[in-house]
């Protein structure tokens, strides 16, 4: 019998969890399941990811009489969420991201609902107070399963939250990537065809260390005058990154055009991809870049990149302790040695089979018994 599934996420804005949610919604709804997608965030946001028209869309709202009272609004949203879940009577509720996971568990206290929560960060539940783990262990008594993306996250959860079944399901990759909501940024409008492109993308946040990438590029730009750097994305660090580029007088060799809804065009145009983050869960952008046959450089974060990259076989992993110097060394190796770069690219492209939607959805279906 086809299942009735509710999926919860904060919003369908740009992000790795949101992309996975869109894949789950589309796959299950197209295969005859009843899928309801609930967005819990009540502020202004832009839906970057589309979902199938068969998906039932719900969103929570603030109390119109007490719009500024956070506590009462939170309680009101929990009541709304509980009512939606009771009304839809799902076979299972799957929630993504820590705050949404907590809200889901709180709103289903006393209900005989199969709850599955998905943690996407390292460490899992990083935003929770460690001194209150005892309370969260009690709260999670109703949680059936926890889904994580890496073995290291599973081991951590088994240690700190024993008693809950934990499963590893990495992110799937869509190939070719579909168009998403957002600006259609055309590569040739930014630089000439003969330019070589270093591509980076993601939320413009300090965790991503785009400032370090810019500084590393500064150190090698004169040695490789036919290479430019482009960073796609939006976020709170935009102004700081623009100021840095201007201060270093390299704004004619570095571009920050915003978020692109046509990422496939950029992966196809780029010559090299860099992930400069010092912390990641399971970075979709790296998975996508490799699936398009891009030679990739990434810092060897605690989780994520090392699950995809075999060092010097299908990419380069940089020791995070080496920071900018390690990044520069990897950039110079990739840029200066075209044969090596092509060999890495040829090996990288095979990742799209390992992490295909078909392969990853089999794991979801098996674990959820659907």
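Some values worked out for this structure:
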quantity	calculated
Test for residue 51: is it outside the structural domain of residue 204 (by TED's automatic domain parsing), part of a loop (DSSP other than H, G, I, E, B) and surrounded by 19 or more Cβ atoms within 10 Å (Cβ to Cβ)	yes
Qualifying position, being without any contact (Cβ under 8 Å) to a residue 12 or more places away in the chain and either closer than 25 Å to residue 35 by Cβ or in contact with a helix residue (DSSP H, G or I) (Cβ under 8 Å, 6 or more places away or on another chain) (or both), among 83, 58	83
Qualifying residue in region 68-81 (condition: surrounded by fewer than 19 Cβ atoms within 10 Å (Cβ to Cβ), in a loop (DSSP other than H, G, I, E, B) and modelled with pLDDT of 95 or more)	no
Residue match in region 204-218 (condition: touching a residue at least 60 places away in the same chain (Cβ under 8 Å) and assigned to a strand (DSSP E or B))	no
Qualifying residue in region 150-163 (condition: touching a residue at least 40 places away in the same chain (Cβ under 8 Å), within 23 Å of residue 18 (Cβ to Cβ) and not in a helix (DSSP H, G or I))	yes
Residue in region 201-210 that is surrounded by the fewest Cβ atoms within 10 Å (Cβ to Cβ), counting only those that are in contact with a helix residue (DSSP H, G or I) (Cβ under 6 Å, 6 or more places away or on another chain) and modelled with pLDDT of 95 or more	204
From 180, 192, residue being in the same structural domain as residue 252 (by TED's automatic domain parsing) and either farther than 23 Å from residue 329 by Cβ or not in a loop (DSSP other than H, G, I, E, B) (or both)	192
The lone exception for residue 224 - which of (1) surrounded by 19 or more Cβ atoms within 10 Å (Cβ to Cβ); (2) at pLDDT 95 or above it fails	(1)
Every residue from region 8-17 that is in contact with a strand residue (DSSP E or B) (Cβ under 6 Å, 6 or more places away or on another chain) and under 18 Å from residue 175 (Cα atoms)	17
Which listed residue is under 17 Å from residue 106 (Cα atoms) and loosely packed, with under 15 Cβ neighbours inside 10 Å, from 155, 128, 132	132
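The values are calculated or read from the model by the stated rules, or taken from the named source; none is laboratory data. Since the model is a prediction, treat every value here as computed from it, not as a measurement. Counting neighbours? That spans all protein chains shown, and the Cβs are built from the backbone with ideal geometry, glycine included.
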